[in-house]
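Data block below; observations after.
The values are calculated or read from the model by the stated rules, or taken from the named source; none is laboratory data. Because the structure is a prediction, the values reported are computed rather than measured. Positions of Cβ are generated from backbone atoms using ideal geometry, with glycine treated the same way; all protein chains shown enter the neighbour counts. Only protein heavy atoms, including side chains, enter the accessible area calculation; ligands, DNA and RNA are left aside. Shrake-Rupley method; radii C 1.70, N 1.55, O 1.52, S 1.80 Å.
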Amino acid sequence: MADTSLVLATLGAGGPQALKLATIICRLVVKVADREVDGLDKYQVVSFGRTVNGTRFPERWWPRLDKAISTGAIERLSVQAIVDIMVDHDTP
């Protein structure tokens, strides 16, 4: 499982950077939610005897968001630029 501590700390701190990060996360999910290939990670669990299918934020994106924060790219680049970079260079 990816280390999400910097991403969560940034979101928890509030302010402009947290808002920008939350917007990036939302746009990433919306952009790839309907894609069959390279979209959200699919998972399946059995709960109370029923199989439940779902999707979640891809593990491979957490380190990328961490890097965007730690290198200052989140401050220099636009939300759309970061989303485009992450989606265009996405390989599951």
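Numerical summary
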| quantity | calculated |
| --- | --- |
| Radius 12 Å from Cβ of residue 20, net charge of other residues (Lys, Arg +1; Asp, Glu -1) | +1 |
| Residue 11 accessible area, assembled protein chains, probe 1.4 Å, Å² | 60 Å² |
| Answer label for semi-axes √(5λ) of the Cα gyration tensor in Å (calculated), chosen among (1) 26, 16, 11; (2) 17, 15, 13; (3) 20, 16, 12 | (1) |
| Under the span-like rule (Cα at least 15 Å along the axis, Kyte-Doolittle mean at least -1.0), DSSP H helices of the chain | 15-32 |
| For the chain: accessible area per residue (Å², 1.4 Å) | 64 Å² |
| Most mobile listed residue (79, 46, 30) in the chain, GNM with C-alpha springs under 10 Å | 46 |
| Residue among 14, 39, 49 with the largest mean-square fluctuation in a Gaussian network model of the chain, springs linking Cα atoms under 10 Å | 49 |
| Gaussian network model of the chain, Cα within-10 Å springs - most flexible of 22, 68, 13 | 13 |
| Percent carbon-and-sulfur accessible area, the chain, ignoring ligands, DNA and RNA, probe 1.4 Å | 58 percent |
